[in-house]
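Comments concern the structure below.
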Amino acid sequence: MNLIVALPGEPLPKEYFDVRFEVLRKPLGSPRGSELLNDDDKAIHAYISLTPALSEGEGAEKIIAVGRIALIAGDGSVKDPVGSNCPAFEPLSSSSSDLRPAVQIRQMGTLPEFQGKGFAAKILFALEETAKQHWNARTGWLQARLNAIPFYEKCGWTSYGEEYDVNKVGAHSSMWKKLRERNTQ
Ligand SMILES: CC(C)(COP(=O)(O)OP(=O)(O)OC[C@H]1O[C@@H](n2cnc3c(N)ncnc32)[C@H](O)[C@@H]1OP(=O)(O)O)[C@@H](O)C(=O)NCCC(=O)NCCS
């Protein structure tokens with residue numbers, strides 16, 4: 001198993017986006033291309049690949065799980081390529097800087113046959129740690145599909161506020177996690 005972290009602007013293999021499409025977009029009936037986000041080149045990405053077994057012959061490594069984290073400049077509200085509106089993270093709407101630098105997790109996905117084996121947790125932890133090192137990130141934010149809430153809770157994230165519907169995707173809950181105390185580096 002290889003865990004790869006790509007800093008902003010570093011190249012990503014096509015298979016990274018294939019996994020995103022298969023797990024997060026195809027099930028919604030969204031077209032190819034909708035898995036690409038406008039700010040992917042500004043995000044930190046992490047993915048896990050497996051070396052194929054000898055019995056399967058030689059070949060490229062198989063990517064099985066992906067995720068990304070990015071700095072939140074405003075309040076986090078965004079319209080993404082499938083036409084869904086992600087609402088603001090209310091605590092970030094105030095002028096207080098106590099929560100910043102703030103970062104957002106998006107596009108976490110593990111191929112169905114590899115789920116429940118701890119791969120996404122490894123990716124999430126690597127994204128959190130890299131965001132702390134690279135951006136000095138203090139808090140993390142995300143909008144979780146309801147099915148994914150137990151996964152994020154196991155990884156130390158907390159839901160807050162009311163559930164809401166994200167157009168074309170379904171019910172979501174906002175979650176957050178403190179990544180770093182105020183006076184630590
Ligand atoms: C959510 C998702 C990324 C989790 O990936 P995964 O690789 O299966 O997660 P992990 O195996 O690393 O899970 C870590 C822990 O959370 C638990 N967990 C994961 N998904 C869970 C679920 N739906 N319900 C309950 N527990 C869950 C695991 O059992 C594991 O627990 P453990 O540490 O006690 O063994 C994956 O289910 C997925 O791709 N879902 C479809 C796409 C999606 O909804 N993405 C999130 C969008 S917000």
Index of the failed condition, residue 86 passing every other in (1) closer than 30 Å to residue 31 by Cβ; (2) more than 8 Å from the ligand (Cβ to nearest atom); (3) at pLDDT 95 or above; (4) crowded, with 19+ Cβ neighbours inside 10 Å
(3)
Can you report the number of residues in the range 1-28 which are loosely packed, with under 14 Cβ neighbours inside 10 Å and more than 15 Å from the ligand (Cβ to nearest atom)?
6
The range 162-181: number of residues that are surrounded by fewer than 16 Cβ atoms within 10 Å (Cβ to Cβ) and either at pLDDT below 95 or part of a helix (DSSP H, G or I) (or both)
9
Taking the range 138-147 only, how many residues are in contact (Cβ under 8 Å) with a residue 40 or more places away in the chain and either more than 13 Å from residue 68 (Cα to Cα) or within 8 Å of the ligand (Cβ to nearest atom) (or both)?
3
Do we find that residue 106 is near the ligand (Cβ under 9 Å from one of its atoms), buried (at least 18 other Cβ atoms within 10 Å of the Cβ) and not polar (S, T, N, Q) in this structure?
yes
Select the strands (runs of 3 or more DSSP E) contained entirely in the range 1-77, then report the ones holding at least 2 residues which are hydroxyl-bearing (Ser, Thr, Tyr), within 27 Å of residue 134 (Cβ to Cβ) and modelled with pLDDT of 95 or more.
44-50
Selection from the range 122-157 of residues under 12 Å from the mean Cα position of the chain (by Cα) and aromatic (Phe, Trp, Tyr) yields 125, 141, 152
Would it be correct to say that residue 152 is of a type outside the set (A, V, I, L, M, F, W, C) and either surrounded by 16 or more Cβ atoms within 10 Å (Cβ to Cβ) or assigned to a loop (DSSP other than H, G, I, E, B) (or both)?
yes
Answer residue from the range 117-137, given it is out of contact with any helix residue (DSSP H, G or I) (no Cβ under 9 Å at 6 or more places or on another chain) and closer than 17 Å to residue 20 by Cα and is farthest from the ligand (Cβ to nearest atom) among those:
127
Within the range 120-128, identify whether any single residue is touching a residue at least 12 places away in the same chain (Cβ under 8 Å), within 21 Å of residue 8 (Cα to Cα) and acidic (Asp, Glu), and answer yes or no.
yes
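The values are calculated or read from the model by the stated rules, or taken from the named source; none is laboratory data. Being a predicted model, the structure only gives us computed values, none of them experimental. Every residue, glycine as well, gets a Cβ built from its backbone with ideal geometry; the counts of neighbours run over all protein chains shown.
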